[in-house]
Amino acid sequence: MSVILECRSLTKKYGSTTALSDLNLSLERGRIVGLLGPNGSGKTTLIKLINGLLVPSSGTIKINGFEPGVESKKIVSYLPEKTYLPDWMKVSDAINFFKDFFADFDEKKAYEMLDHLHLDSSKRLKALSKGTKEKVQLILVMSRKADLYCLDEPIGGVDPAARDYILNTIITNYNENACVIISTHLIADIENVLDEVIFIKEGYLQLHASVDEIREKEGKSIDSLFREVFRC
Amino acid sequence: MQWELNTDKPVYLQLVEQIQAGIISGIYKPGDKLPSVRDLAIKATVSPNTMQRAMTELERDGLVYANRTSGRFITSDEELIGKLRKQYITQVIQEFLDKMDLLGVNLEETISYINMISDNNKK
């Protein structure tokens, strides 16, 4: 199995605050990885570093051997925490937008998934409910044939049925050659889907292990272990 | 088939047990073709890697076999299924008896309870 993401001594400071501290991490293709930690632990900072939206204070980050930039962005599909698509866009506009930007975007696949949701693509994003808008964004991101998917809180604020839809969309669309990183603090909802978990605490990497390994060794769920590690 | 996953046991082991239960109860019949790993993973909402591991485990025990071109099948070896059934029943009852033992209920009392409850269920 080949490495898709490699972080070495990765550090990010905002002024005097250290958001990520000397992070060493290596992720392989074909895995679904949970990036877990309480609010403010550095999850989003790491994802933004991977996507080149932030620059490391020190250390390196490589995606398939490339530093974040044009080459890495071709193979990383990113679902940010907050939407960046303007409200006035129709769903079909958003699809065209993605088609223009990304060579690996599969338009047919996107429309198939929208059809499956009985979603009319001539609707404006502004007219969609919060849950539906999140589903549309996920469909866009998962319709790319990327090597690394970074999903920042994809299941925050949606109902349990929508959550199942989102998880199924992820399982259906990821391929053996790709790695999926899912950042969340809603662990119980997704832990059965994950192959590996990463715990980040106050900017430090606390744990990186396989889910079944943890359950075998500790005899408890990732959720219980999380509550233990991060007890306030 | 409904998948019921709890959270403190390795997921692949739970998948193995549930497919075993499916074979014993006849949801999966001898020689049946299984859906693809990805379809099974989607139904159970688990990672395809975990479902793959469960399949490897079942293949190792001979309960499932893979045909290179046409997919995965449930074994047609009825003797093996009979053995699995015996094993499974033994395990469930052993766990139950251990629990009763922990509660300080002896075998005689346990059996009288089983008779009473099953009589009530018939009514």
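The values are calculated or read from the model by the stated rules, or taken from the named source; none is laboratory data. Quantities reported herein were computed from a predicted structural model and do not represent experimental measurements. Cβ coordinates were reconstructed from backbone atoms using ideal geometry, including for glycine residues, and neighbour counts include every protein chain displayed.
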Residue satisfying condition, being hydrophobic (A, V, I, L, M, F, W, C), crowded, with 18+ Cβ neighbours inside 10 Å and not in a helix (DSSP H, G or I), within set A:I200, A:I171: A:I200
Residue within the stretch A:163-175 that is at the interface with chain B (Cβ under 10 Å from one of its Cβ atoms) and among the aromatic types (F, W, Y) present: yes
Cβ pairs under 9 Å, 6+ apart, first in the stretch A:212-226 and within 10 Å of A:I187 (Cα to Cα) and more than 7 Å from chain B (Cβ to nearest Cβ), second surrounded by fewer than 16 Cβ atoms within 10 Å (Cβ to Cβ) and of a type in the set (D, E): A:S224/A:E218; A:S224/B:D8
Checklist (1) β-branched (V, I, T); (2) assigned to a loop (DSSP other than H, G, I, E, B); (3) in contact (Cβ under 8 Å) with a residue 40 or more places away in the chain applied to B:I23, failing item: (2)
Residues located in the stretch A:183-196, provided they are buried (at least 22 other Cβ atoms within 10 Å of the Cβ) and away from every other protein chain (no Cβ under 11 Å): A:S183
Meets criteria (away from every other protein chain (no Cβ under 14 Å), within 27 Å of A:D212 (Cα to Cα) and among the basic types (K, R)) for B:R38: no
Neighbours by Cβ (under 9 Å, 6+ apart or cross-chain): first from the stretch B:41-60, more than 7 Å from every other protein chain (Cβ to nearest Cβ) and among the acidic types (D, E); second surrounded by fewer than 18 Cβ atoms within 10 Å (Cβ to Cβ) and in a helix (DSSP H, G or I): B:E57/B:L13
Candidate set: the stretch A:82-120, residues that are acidic (D, E) and out of contact with any helix residue (DSSP H, G or I) (no Cβ under 6 Å at 6 or more places or on another chain); chosen: the one nearest to A:Y149 (Cα to Cα): A:D104
Only listed residue being under 30 Å from A:I187 (Cα atoms), surrounded by fewer than 16 Cβ atoms within 10 Å (Cβ to Cβ) and of a type outside the set (A, V, I, L, M, F, W, C), chosen from B:N6, B:N49: B:N6
Qualifying residue in the stretch B:10-18 (condition: among the polar types (S, T, N, Q), within 14 Å of chain A (Cβ to nearest Cβ), in contact (Cβ under 8 Å) with a residue 12 or more places away in the chain and outside any loop (DSSP other than H, G, I, E, B)): yes
Helices (runs of 4 or more DSSP H) wholly inside the stretch A:52-136 containing at least 2 residues that are within 18 Å of the chain's Cα centre (by Cα) and either at pLDDT 95 or above or buried (at least 17 other Cβ atoms within 10 Å of the Cβ) (or both): A:70-73
